[in-house]
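The values are calculated or read from the model by the stated rules, or taken from the named source; none is laboratory data. The structure presented is a predicted model; accordingly, all values stated were derived computationally and were not measured. Reconstructed Cβ throughout: ideal geometry from the backbone, glycine too, with neighbour counts over all protein chains shown.
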Amino acid sequence: MTRLVFDFPCETPLGQNVRDKVDGEKGRFIMRTFPDGETYVRLESLVSGRDVIINASFVHANDWFLNLLFLADALHSQGARRVGLLAPYLSYMRQDTVFHPGEAVTSRTFARLISTYFDYLITIDPHLHRYHNLSEIYSIPSTVLHAAPLISEWIHRHVEAPFLIGPDGESEQWVKAIAGEIPFTVLNKIRHEDGHVEISWPPLEDLSGKTPVLVDDIISSGATMLQAVKHLKNLTAVAPICMAVHPIFAEDSYQKLQEAGVKKIITCNSIPHPSNEIDVSPLCVDALKF
Ligand code: R5P
């Protein structure tokens, strides 16, 4: 029997591609809000005995996380054989330790909740920094996919003489995986608060004739990319290309980055955004071949 693919909270181009490629059937449900703000959920698809995937776009997760759990629980209660979560962007990964006394390690709480309501998890480049594996916090089987080969392919096809720059130590893993033969450097970043970072630069080789390509896993407030772009202006006249796997782009950060004098902003479609140019659905489809 074909798999049922539910898109949550709404359909995304990535979800559509995945559903088409795995020959899945669109999962149907009604979700609305009662006058008191509580949620009403009704499954329209018959799910008993079926293999179900929920493709969830986890940006602004707080707005609808509880509703996702309601949906997953309804699927289990109505007899779905297995309920998998495809979360191309996995939120709540950055608070992975107690940075200041009294802080909650929300990554653990979030992981516990997901592990309670889902049978497996598939995601792309989660922010694994202090955790080395998702299994340190998720108790369900998880598959981690990597966008590096697709990003690398894009750079090879579109950029002549690239020079890769990772804006902080955490980005080193992605930059190294993307670089191959391409020269690269990794900067040092100190985050003072949300949206305020300080970046220090090692001595760089001569950048003349090269196109700087800044690569990070996430662009959230945009502060990291903006700082790096501003500093690059002192080093080269060539406008940089900014690339990221997960384009969160909070508030007006996309506009600010565009206005900072970048050549292009290129992202993967793990989160729908006008900068999406790299389709990661082939990775997801491969992971769903079981
Ligand atoms: C490190 O913490 C991450 O790899 C990204 O550099 C970070 O999430 C980017 O955040 P922002 O856009 O808010 O500077």
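Only one of the numbered conditions (1) surrounded by fewer than 17 Cβ atoms within 10 Å (Cβ to Cβ); (2) modelled with pLDDT of 95 or more is violated by Ala72, and that is (1). Any residue in the range 174-192 that is farther than 18 Å from Glu153 by Cβ sitting within a Cβ distance under 7 Å of a residue that is in a helix (DSSP H, G or I) and within 14 Å of the ligand (Cβ to nearest atom)? List the pairs, counting only those 6 or more apart or interchain. As it stands, the answer is Val186/Gly169; Val186/Ser171; Val186/Glu172; Val186/Val175; Leu187/Ala228; Asn188/Gly169; Lys189/Thr224, since those pairs meet every condition given.
Just one of (1) under 17 Å from the mean Cα position of the chain (by Cα); (2) within 16 Å of the ligand (Cβ to nearest atom); (3) surrounded by fewer than 18 Cβ atoms within 10 Å (Cβ to Cβ) fails for Gln258. It is (1). The number of residues in the range 200-227 that are on the phi < 0 side of the Ramachandran plot and under 21 Å from the mean Cα position of the chain (by Cα) comes to 13. Limited to the range 173-195, what total is found for residues that are loosely packed, with under 15 Cβ neighbours inside 10 Å, of a type outside the set (Gly, Ala, Ser) and more than 9 Å from the ligand (Cβ to nearest atom)? Matching residues across the range 173-195 total 7.
Hey, can you tell me all the residues within the range 222-238 that are buried (at least 19 other Cβ atoms within 10 Å of the Cβ) and within 15 Å of the ligand (Cβ to nearest atom)? If the condition is that a residue be buried (at least 19 other Cβ atoms within 10 Å of the Cβ) and within 15 Å of the ligand (Cβ to nearest atom), then Gly222, Ala223, Thr224, Met225, Leu226, Ala228, Val229 are the ones that fit.
The C-beta contact set for the range 252-281 (first residue closer than 26 Å to Asn17 by Cβ and in contact (Cβ under 8 Å) with a residue 40 or more places away in the chain, second residue charged (D, E, K, R) and in a loop (DSSP other than H, G, I, E, B), distance under 7 angstrom, 6+ apart or interchain) comprises Asn269/Asp279. Residues in the range 196-221 that are of a type in the set (Ser, Thr, Tyr) and away from the ligand (no atom under 11 Å from the Cβ) were compared, and the one that is farthest from Glu172 (Cα to Cα) is Ser208.
Given the criteria away from the ligand (no atom under 16 Å from the Cβ), at positive phi and without any contact (Cβ under 8 Å) to a residue 12 or more places away in the chain, does Gly102 qualify? Yes, satisfied. Has the range 128-141 got any residue that is over 25 Å from Leu86 (Cα atoms) and either in contact with an Asp or Glu (Cβ under 6 Å, 6 or more places away or on another chain) or charged (D, E, K, R) (or both)? No. For Ala244, indicate whether it is near the ligand (Cβ under 10 Å from one of its atoms), crowded, with 20+ Cβ neighbours inside 10 Å and within 15 Å of the chain's Cα centre (by Cα). Yes; evaluated as a whole, the condition is true for this residue. Scanning the range 166-220 for residues that are within 22 Å of Ile124 (Cα to Cα) and out of contact with any helix residue (DSSP H, G or I) (no Cβ under 8 Å at 6 or more places or on another chain) yields Gly169, Glu170, Ser171, Glu172, Gln173, Val175, Lys176, Ile218. Among the residues of the range 111-150, those identified as within 16 Å of the ligand (Cβ to nearest atom) and free of Cβ contacts under 8 Å to residues at least 24 places away in the same chain are His132, Val144. Checked against the criteria, Tyr92 does not count as closer than 20 Å to Cys284 by Cα, under 20 Å from the mean Cα position of the chain (by Cα) and hydroxyl-bearing (Ser, Thr, Tyr).
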